[in-house]
Amino acid sequence: MHETTVLLIELGAVILGLGLVGRLAGRIGLSPIPLYLLAGLAFGQGGLFPLTASEEFISVGSEIGVILLLLLLGLEYSASELVTSLKTQYPSGIVDFLLNALPGAVAALLMGWGPVAAVALAGVTWISSSGVIAKVLTDLGRLGNRETPVILGVLVMEDLSMAVYLPLLTALVAGLGLAGTSVALLVAIGTVGIVLFVALRHGRLISRAVSSDVPEMLLLVVLGLTLLVAGLAQKLQVSAAVGAFLVGIALSGETAKNARSLLSPLRDLFAAVFFVFFGLSTVPADIVPVIVPALILAAVTTVTKIATGSYAARRAGVALPGRLRAGAGLVARGEFSIVIAGLAAGVDHRLVPLATAYVLIMVIVGPVAARWTEPTVRRLRRLLARSPASAAPETVPQQTEGAPPAVPR
């Protein structure tokens, strides 16, 4: 009875606290993710108010949060949109991977964390935050801009890549060896291919079978199907998050639209719990030794993301201001970086603190870069154009009295 009472009190305090910090984030125009992470740090080991009874409950809630995040992400895309993005955006996807995954991998190897940690940290620095970026684009009124489809195309490529990357990382962390990892990778690629094929050919039939005019029935069927597929995917070493993502892709049309509206509040609640749990698993004192590497990675990958977006926008024929906006719009990292670090938490005890510090930095730098990069560059160009060197008047030779006029050569 005492444990149940403590559990209820702790959960009530955590959820109420999340609501308050979420409102605060909305007031100051900031993503709530860094505040959720800070709340987790405050309630975790070594924090100000460590939790005792509710940590296991929050752990289960965080798993559901990841699944709902990926389900809602899959519902945003149709199979045809994914295939179109694969055909048109793959060069930008390759540049994105090379420029942004390599800094994380090199950093892990330089710090002596080993190859598995290098694969994990590469993912942390590679993947942008679709949720934060979508909110920033909406807040800045840029949804109709010419560079916005470029940003969304790069995000689609990254999200689809997760369907292969996450199973690969899961197999490496589990120590399955070369043969086991190869099998897991083949299963993941085959599963993604089958789901895309079935969704393209029979997506309407699947959506019709799941659809219901009663919101309660639709919610129960979609949520139950997602959890079932996620569990089976986890059993097959494909990753529960990927299973949820594929369920979202398989649903389309009115069914996907209705499911999004019903599941969005649940997604936001459990996603907040997920970020809190990630903070709970991090000891605040462990962040101090990795703050310098986190700042260096943040500086490097801010530049590489801007270069990525500029390249993708240039391929689409967007002018320089739009290229800068596209690059800066991709800077933010968030939920996927946390998911990746959570999967690889047992590889090295320094990986989670570094990922926490990195995401805290990037989720703040991202919106700032999106708002100010292009205006700042424009002002710098104007200042350079007005500088004394560029504005110096042409020198005219002095004419001596009584001498013939100077003739220009």
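A quick yes/no check of all residues on (1) surrounded by fewer than 18 Cβ atoms within 10 Å (Cβ to Cβ); (2) outside any helix (DSSP H, G or I):
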site: Thr282; (1), (2): no, yes
site: Val288; (1), (2): yes, no
site: Ala307; (1), (2): yes, no
site: Pro321; (1), (2): yes, no
site: Ala326; (1), (2): no, no
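Just one of the listed residues (Leu246, Leu262) is out of contact with any Gly (no Cβ under 7 Å at 6 or more places or on another chain) and hydrophobic (A, V, I, L, M, F, W, C), and it is Leu262. Checking Gly175, Gly231 one by one, the residue that is on the phi > 0 side of the Ramachandran plot and modelled with pLDDT of 80 or more is Gly175 and no other. Taking the criterion of being crowded, with 22+ Cβ neighbours inside 10 Å and part of a loop (DSSP other than H, G, I, E, B), the residues of region 230-259 that qualify are Val238, Ser239, Leu251. In the set (1) within 30 Å of Gln234 (Cβ to Cβ); (2) in contact with a Lys or Arg (Cβ under 6 Å, 6 or more places away or on another chain), Ala357 fails one condition alone, (2).
Against the test of being modelled with pLDDT under 85 and of a type in the set (A, V, I, L, M, F, W, C), the options Ala357, Ala391 yield a single qualifying residue, Ala391.
The set of residues in region 166-181 being under 19 Å from Ala122 (Cα atoms) and either surrounded by fewer than 14 Cβ atoms within 10 Å (Cβ to Cβ) or touching a residue at least 60 places away in the same chain (Cβ under 8 Å) (or both) consists of Leu166, Pro167, Leu169, Thr170, Ala171, Val173, Ala174, Gly175.
Taking the listed residues Ser252, Ser207, the one that is touching a residue at least 60 places away in the same chain (Cβ under 8 Å), over 30 Å from Val368 (Cβ atoms) and over 18 Å from the mean Cα position of the chain (by Cα) is Ser252, with no other qualifying.
Is it the case that region 154-162 has a residue that's farther than 17 Å from Leu246 by Cα and either part of a loop (DSSP other than H, G, I, E, B) or touching a residue at least 40 places away in the same chain (Cβ under 8 Å) (or both)? Scanning region 154-162, I find at least one residue that is farther than 17 Å from Leu246 by Cα and either part of a loop (DSSP other than H, G, I, E, B) or touching a residue at least 40 places away in the same chain (Cβ under 8 Å) (or both), so the answer is yes. For Val124, the criteria (1) surrounded by 15 or more Cβ atoms within 10 Å (Cβ to Cβ); (2) of a type outside the set (Asp, Glu); (3) over 27 Å from Gly193 (Cβ atoms) hold in every case but one, which is (3). Taken across region 240-252, residues that are farther than 30 Å from Leu176 by Cβ and at pLDDT 85 or above do occur, with at least one present. Scan region 175-229 for residues that are touching a helix residue (DSSP H, G or I) at 6+ places or on another chain (Cβ under 7 Å), of a type in the set (A, V, I, L, M, F, W, C) and not in a helix (DSSP H, G or I) and the total you get is 1. Checking Ala341 against (1) in a helix (DSSP H, G or I); (2) out of contact with any Phe, Trp or Tyr (no Cβ under 9 Å at 6 or more places or on another chain); (3) at pLDDT below 90, only one condition comes out false. Which one? (2) is the only condition that Ala341 fails.
The values are calculated or read from the model by the stated rules, or taken from the named source; none is laboratory data. For clarity, every value in this text was computed on a predicted model and none was experimentally measured. Note that each Cβ is placed from the backbone with ideal geometry, even for glycine, and that neighbours are counted across all protein chains shown.
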